Amino acid sequence: GQRFHKACPSSRLLDQLEQAASLIADNRTAEAEKKLLSILRVAPGEPAALNLLGTVRAQQGRQREAEALFLRAIRGDGKYVSAHMNLAHLYSLMGQPGKTISELKQVLLLDPRNAEALNRLARLLLSRGEIEQGIDVLEQGQKSQPLSPALLVLLGDAHLKKGNFVKAQVQYQLALDMQSDYTDAV
């Protein structure tokens with residue numbers, strides 16, 4: 001027989017989790033909820049099931065329950081990027097930018113190449129006037145992957161706000177070189 005590490009769900013459980021995820025994607029939340037509750041009766045601490053049920057609760061507008069489920073998923077697996085991203089999204093909806101920032105930073109610690117987290121964190125920091133922190137996040141991101149033209153322009157704009165025209169020019173030029181028809185950088 002195939003052996004599974006206890007943190008790794010069995011293939012039957014994986015099938016059920018995939019079915020639940022596709023039900024959520026199809027907006028069949030009531031069916032997804034039933035399936036997830038039956039999974040959690042058998043495997044109460046299963047992080048993927050907790051994370052998916054958290055998604056269902058968030059879609060139902062039950063934010064506090066969603067938060068508790070995402071936190072339980074993370075307690076079960078501290079490196080669970082998807083649960084951290086879901087929590088960041090939830091905190092954003094709940095108008096808690098401090099907690100959103102904290103979760104996005106956690107995602108980038110676990111997965112430095114996560115472009116969505118990098119984008120959201122940089123934009124959130126810059127929108128709050130935390131220019132230095134926004135620049136730091138983008139420059140850290142640049143070390144692990146080439147930034148998209150949109151993020152290069154964002155970094156250029158941040159340098160411009162700090163009055164650093166030379167650094168801004170460098171980022172705009174990089175954006176233009178990557179995508180010569182990228183008009184925002186002009």
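Scanning the range 122-132 turns up no residue that is outside any loop (DSSP other than H, G, I, E, B), open to solvent by less than 20 Å² (accessible area, probe 1.4 Å), within 28 Å of residue 89 (Cβ to Cβ) and in contact with a Phe, Trp or Tyr (Cβ under 6 Å, 6 or more places away or on another chain). Is it true that some residue in the range 74-90 is closer than 28 Å to residue 128 by Cα and of a type in the set (Asp, Glu)? Within the range 74-90, not a single residue is closer than 28 Å to residue 128 by Cα and of a type in the set (Asp, Glu).
Figure legend. Inter-residue proximity from the range 162-186: first residues surrounded by fewer than 11 Cβ atoms within 10 Å (Cβ to Cβ), second residues at pLDDT 80 or above, beta-carbon distance below 9 Å, spacing 6+ or different chains. Indicated pairs: 166/159; 186/172; 186/176. The criterion of being part of a helix (DSSP H, G or I), touching a helix residue (DSSP H, G or I) at 6+ places or on another chain (Cβ under 7 Å) and at pLDDT 95 or above holds for residue 168.
A Cβ distance below 7 Å, combined with a sequence gap of six or more or placement on separate chains, defines the contacts here; from the range 117-132, residues that are over 24 Å from residue 83 (Cβ atoms) reach residues that are among the small types (Gly, Ala, Ser) and at pLDDT 95 or above in the pairs 126/134; 126/158; 131/158. Scanning the range 13-55 for residues that are outside any helix (DSSP H, G or I) and either without any contact (Cβ under 8 Å) to a residue 24 or more places away in the chain or open to solvent by 60 Å² or more (accessible area, probe 1.4 Å) (or both) returns 26, 27, 28, 44.
Residues considered: 141, 95. Of these, the only one that is in a helix (DSSP H, G or I), more than 18 Å from residue 52 (Cβ to Cβ) and out of contact with any Pro (no Cβ under 6 Å at 6 or more places or on another chain) is 141. Exactly one residue out of 104, 110 is closer than 30 Å to residue 62 by Cα and surrounded by 21 or more Cβ atoms within 10 Å (Cβ to Cβ), and it is 104. Across the range 63-101, the number of residues qualifying as small (Gly, Ala, Ser), over 10 Å from the mean Cα position of the chain (by Cα) and open to solvent by less than 60 Å² (accessible area, probe 1.4 Å) comes to 7.
The values are calculated or read from the model by the stated rules, or taken from the named source; none is laboratory data. Fair warning: this is a prediction, and the values are worked out from it, not measured in the lab. We place every Cβ from the backbone using ideal geometry, glycine too, and count neighbours over all the protein chains shown. Remember, those area values only see protein heavy atoms, side chains included, never the ligands or the DNA or RNA. Shrake-Rupley method; radii C 1.70, N 1.55, O 1.52, S 1.80 Å.
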